[in-house]
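Just so it is clear, none of the values below were taken in a lab; they were calculated from the coordinates. Note that the structure is predicted; figures quoted are calculated from it, not measured. Counting neighbours? That spans all protein chains shown, and the Cβs are built from the backbone with ideal geometry, glycine included.
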Ligand code: C5P
């Protein structure tokens, strides 16, 4: 019988995101620099005695049900073979805020692909897993690869970049906010497509230039969504103003609503997190990860 597995599902931030334009298939072409961070969900995979069965539960009951990306990833893998597979109980311990632009659901899907590939002994190679990941969602391939990468196409074409130098990453969330990705894309005014270019950021990462990486958000807009989200979500705009009044340069991750602030210094990162909380937001103190996720037997 397969043994229990624990697998971590880390969040991502978009250090820079340029939506290039709408495509005939309804998606949008992008150029985005993605970075894996330490804030993670955890997936526990355990054997069930009944073959071919699976049960799924989550510490957030609102996320239970077959439309969860964990179940969709399990069903996609299950559909690849006609042979009998060991029964499995999957428990998702949720830490990453949902619909927050942090790729939590996508990372859960990626962790499920990796975990069940191992648990069911399917021996699928990474390139096959990456293709399956792209069928589950635009961010899932990056979540499978991890590290630092430039994502193109609708997000599934990945070019690995050198690991980002270590930074503390303070995540700042306005209270009770979530944004649907599809809705956020729909709100973009075509005049905003193609801005901001992420090429200077890529150059800084290729050079391993910490000062240039940290200065990049300070230079202005880092993400096409920023303008439109600030226009349509006034509470979020007010929250950003509060952070800016503290002399911070919050950058938006994905289509929001999470902002992030990079810091080289732990004491400063901790003070920023306290300041976010003192001003009514939720803060998570996290850091950049260089390694891909790993599973372990327990
Ligand atoms: O790929 P994923 O399922 O995460 O995308 C959710 C929605 O976000 C899509 O249905 C689409 O409306 C929008 N999207 C987009 N262009 C992308 C990625 C997502 O328009 N590159």
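Take every Cα pair under 8 Å whose residues are at least 6 apart in sequence, average their separation, divide by the length of the range 1-135, and the relative contact order is 30 percent. At the listed q of 0.14, 0.19, 0.21 Å⁻¹, the Debye profile of the range 1-91, built from one uniform point per Cα, gives log10 I(q)/I(0) equal to -0.73, -1.00, -1.07.
For the range 115-202, report the translational diffusion coefficient in µm²/s to the nearest whole number, using Stokes-Einstein at 37 °C, 0.692 mPa s, and a Kirkwood Rh over Cα pairs. Estimated diffusion coefficient is 203 µm²/s. Counting only alpha carbon atoms, the long axis of helix 69-78 and the longest principal axis of the chain meet at about 40°. With contacts taken as Cα pairs under 8 Å and at least 6 residues apart, the chain reaches a relative contact order of 26 percent.
Between residue 91 and residue 246, the simple label model (points 7 Å from Cα in the Cβ direction) yields a spacing of 3.5 nm.
Each helix, a run of at least 4 DSSP H residues, gives -39500 (n - 2.57); summed and divided by the residues of the chain, these come to -10000 deg cm²/dmol at 222 nm. In the Gaussian network model of the chain, springs joining C-alpha atoms below 10 Å, which of 102, 17, 243 carries the largest mean-square fluctuation? Of 102, 17, 243, the most mobile in the Gaussian network model is 243.
Between 182, 269, 109, the Gaussian network model of the chain with springs among Cα atoms under 10 angstrom shows the greatest mean-square fluctuation at 182.
Among beta bridges identified by DSSP and lying wholly in the chain, the antiparallel ones come to about 90 percent. Considering only 207, 46, 31, the mean-square fluctuation computed in a Gaussian network model of the chain, springs between alpha carbons under 10 angstrom, is largest for 207. Please work out the Kirkwood hydrodynamic radius for the chain, using every pair of different C-alpha atoms, and report it in angstroms with one decimal place. So the Kirkwood estimate lands at 19.6 Å.
The angle separating the long axis of helix 266-278 from the principal Cα axis of greatest extent in the chain is about 90 degrees. The convex hull defined by the C-alpha atoms of the range 164-298 has an orientation-averaged projected area of 10.1 nm². Cα centroid separation, the range 177-233 to the range 19-37: 11 Å. Entry note, the range 154-241: relative contact order of 35 percent, from Cα contacts under 8 Å with a spacing of 6+ residues. Max-minus-min Cα coordinates of the range 147-190 on each principal axis give 33, 29, 16 Å, with the largest extent listed first. From the largest down, the range 40-161 spans 43, 31, 20 angstrom on the principal axes of its Cα atoms.
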